[in-house]
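One structure below.
Each value in this text was obtained by applying a stated rule to the coordinates, not by laboratory testing. The structure presented is a predicted model; accordingly, all values stated were derived computationally and were not measured. Cβ coordinates were reconstructed from backbone atoms using ideal geometry, including for glycine residues, and neighbour counts include every protein chain displayed.
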Amino acid sequence: MRYLIAFIMAVVLSSSAQAEVRTKTVQYRHGTAVLEGYLAYDDAIQGKRPGVLVVHEWWGLNSFSMKRAEELARLGYIAFAVDMYGEGIRAGDPKKAGELAGVYLNDRTLMRARAMAGLDVLMSHPLVDAKKIAATGYCFGGTTALELARGQAPVLGVVSFHGGLSAPSPATTKDVKAKVLVLHGADDPFATRDQINTFMDEMRGSGADWQMIFYGGAVHSFTNPDADSFGIKGIAYNEKADKRSWQAMRQFLDELFKQ
């Protein structure tokens, strides 16, 4: 019996060792810009699987975005955390973050094209089913994910976590094919009531299949455990909203990819 137990334990440990999330830094380009994204996948899964893009907050690609990519990989997806700013370009303070994000918020064509460069990397991966792609994003990244839907990028759906909702010309948004899930803090001071109403009208007019979930007591950046350390009023982590929004995303992706 002792030997049988030892054998079973050896098999279990061997399987655990083999089932591991692999990560890789991927350098790619958009025009003359050199970018550096982060790929994550579970190498225990055989064959092609859906791909999920992760777009970072206004700070740039950091450990939070990479962790989210790894968590998506554990769910069975190929995840790619894009780099919107460029290799080594990251913000260390809100002023710099605002400047970097502002370039793309003020030029949505550039925002879409830069995100598409990362999407191309994900879709070209040999383990990705290019017909099953979704995009997720946080804050600035949530805005970017919504822009991919507005621009009719080849994604089945997009998920915005506490993302900016504004669009330069919301009335012109038509024929949104991607399903849209917006996960929003009910007390987010960076989204006015008018912006929320305008966004909902935009989605209604676009013909999109969309959902918007509000989390009571949650403000901006509610998914980031480090949010409180930023020292910015209106930005704080909310554990309940974080867990509930992640579960909402999981259900959304399950529905999306099982079609």
Descending packing, highest mean Cβ count within 10 Å first, for 120-127, 67-74 is 67-74, 120-127
XL table K48/K258; K24/K243; K131/K240; K67/K177; Cα-Cα > 22 Å flagged, in table order, is K24/K243; K131/K240; K67/K177
If one builds a Gaussian network model of the chain from Cα atoms under 10 Å apart, the most fluctuating residue listed among I232, I78, I133 is I232
Among trypsin sites (Lys or Arg not before Pro) in segment 144-223, those in a DSSP loop whose Cβ has at most 16 other Cβ atoms within 10 Å are K174, K177
Straight-line reach check, K179, cutoff 16 Å on alpha carbons, 8 or more apart in-chain or any other chain, hits among aspartates and glutamates -> E147, D201, E202, D209, D254, E255
